[in-house]
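In what follows, a structure is listed as structure tokens, so that the remarks can point back to it.
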Amino acid sequence: MIDRLFRHWNRAKDSAELGLRFDRPLVLFQSDDWGRVGVRDREGWDELQAKGLNLGEKPYDSYSLETSGDLQALSDVLRKHHDSAGRHPCIGMNFIMANVDFQHGGKSTREILLRPLTDGLPEPWQRPSLMEAYQEGIRERLFSPALHCLTHFCVAAVARELEANGERGQLLQTLWRAGTPYIHWRMPWVGYEYWDPALPPAERFLSLADQRAAIHRAAEIYRALFAAIPLSACAPGYRANQDTKTAWFEAGVRVAQGGPGGKKGPSFDANGMLLIFRNVEMEPATEACDLENVVKQANDCLSGGLPAIVSIHSINFHSTIRDFRTPTLTMLNGFLSAMESKWPDLLYVSDEDLWQITTQGVFTGALEKIAVGVKAAGTDR
């Protein structure tokens with residue numbers, strides 16, 4: 001099937017730019033930043049306040065880390081719903097595979113030491129049963145893991161500021177002593193893993209060799225944690241270039257998640273990697289967001305044959321500093337009910353499912369495989 005779609009790509013370049021269309025309504029969720037520690041709950045908040053940081057100005061001051069209870073509450077909502085094939089909704093979780101080792105990470109500017117998720121969380125963080133909760137949700141097909149990155153921040157940018165030991169480096173040391181790696185809106189100079197904001201615009205992306213090293217290390221941790229090759233990936237801050245995609249492809253990634261893409265549908269690049277774009281924003285923790293508008297965004301996509309790809313970052317499910325979780329789950333429950341009511345032939349899919357649909361034309365339901373028609377926009381086949 002993928003060969004047939006490529007032939008249509010070659011025949012109709014203008015249509016191909018619009019991407020693929022599907023004959024069944026598809027809804028999937030992509031969620032970033034799982035596994036990344038932030039402000040260390042109320043204890044860390046109080047410690048940073050005592051050091052002079054005026055926390056509470058923006059939502060990400062209250063970004064902490066999900067708990068097993070947060071995941072259980074999310075799972076309870078997802079279990080209440082199912083699609084026309086008997087499958088529950090599935091949250092695609094993009095994992096950050098390592099955190100700063102706060103006990104040792106700032107003692108040398110030559111190397112920022114990291115603690116991979118396979119070794120648990122860095123001291124003094126505590127999240128009882130969190131790793132088990134991830135795995136349980138994956139076994140139930142309520143969660144679908146994907147690769148986000150190794151560190152999220154640009155290591156070169158952070159190391160440079162630590163070495164300079166100026167105001168920025170001292171802020172980093174203060175945060176690290178409190179068990180917090182960074183608060184991005186307060187310090188955008190930490191950049192994103194593959195992108196250094198201090199460099200000239202044409203040079204901000206790291207070299208292929210540096211991106212490859214970070215991605216391959218992250219993929220190794222991913223394989224150890226989830227016993228699988230990462231099929232799908234999303235770059236921190238959506239900062240990815242062709243070198244990023246090359247390194248992803250080498251690591252086994254076949255689905256590249258992009259940021260907001262408007263009405264652009266999924267498409268294939270020259271290597272056969274599926275490029276997908278988010279088109280529905282459900283981010284009640286960080287921006288004005290009402291259920292009616294979210295439902296409209298999704299319905300507009302589905303009416304045009306596009307999958308509704310919902311962006312919903314992990315902060316929306318956090319509860320330890322601020323209760324973002326309760327209003328998010330209320331909105332999510334209402335959204336799922338609205339989708340199921342409006343679209344009786346709805347399918348809840350993951351990135352892996354979308355890859356299977358676009359390459360094989362089938363979706364694996366709870367009891368059977370279901371044919372799903374796929375075509376390039378502007379063609380009749």
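The sole residue among A235, A218 that is in contact with a helix residue (DSSP H, G or I) (Cβ under 9 Å, 6 or more places away or on another chain) and touching a residue at least 12 places away in the same chain (Cβ under 8 Å) is A235. Residue check: is R223 under 27 Å from I357 (Cα atoms), at pLDDT 95 or above and either touching a Leu at 6+ places or on another chain (Cβ under 8 Å) or of a type outside the set (F, W, Y) (or both)? When the stated conditions are applied, R223 passes them.
Please verify whether the range 359-372 includes one or more residues that are in contact (Cβ under 8 Å) with a residue 60 or more places away in the chain, closer than 20 Å to Q72 by Cβ and surrounded by 16 or more Cβ atoms within 10 Å (Cβ to Cβ). Looking for residues that are in contact (Cβ under 8 Å) with a residue 60 or more places away in the chain, closer than 20 Å to Q72 by Cβ and surrounded by 16 or more Cβ atoms within 10 Å (Cβ to Cβ), one finds none in the range 359-372, hence no. Count of the range 344-358 residues, restricted to those that are touching a Leu at 6+ places or on another chain (Cβ under 6 Å) and either of a type in the set (K, R) or in a strand (DSSP E or B) (or both), is 1. Screening V310 against (1) assigned to a helix (DSSP H, G or I); (2) in contact with a strand residue (DSSP E or B) (Cβ under 9 Å, 6 or more places away or on another chain); (3) touching a residue at least 24 places away in the same chain (Cβ under 8 Å) leaves a single unmet condition, (1).
Per-residue answers, yes or no, for (1) farther than 18 Å from A376 by Cβ; (2) under 21 Å from the mean Cα position of the chain (by Cα):
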| position | (1), (2) |
| --- | --- |
| K264 | no, yes |
| L274 | no, yes |
| E287 | yes, yes |
| N293 | yes, no |
| S319 | yes, yes |
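Looking at the range 72-181, what strands (runs of 3 or more DSSP E) fall wholly within it and have at least 3 residues that are farther than 28 Å from R42 by Cβ and at pLDDT 95 or above?
Working: elements: 91-96, 98-100, 114-116, 143-149.
Where strands (runs of 3 or more DSSP E) fall fully within the range 72-181 and carry at least 3 residues being farther than 28 Å from R42 by Cβ and at pLDDT 95 or above, they are 143-149.
Restricting to the range 276-319, and then to whatever is surrounded by fewer than 24 Cβ atoms within 10 Å (Cβ to Cβ), hydroxyl-bearing (S, T, Y) and in contact with a Gly (Cβ under 9 Å, 6 or more places away or on another chain), can you tell me which residue is nearest to L26 (Cα to Cα)? Selected residue: S311.
The values are calculated or read from the model by the stated rules, or taken from the named source; none is laboratory data. This structure is a prediction, so every number in the text was calculated from the model and none was measured. Methodologically, a virtual Cβ is constructed for each residue, glycine included, from the backbone with ideal geometry; neighbour enumeration extends over all protein chains shown.
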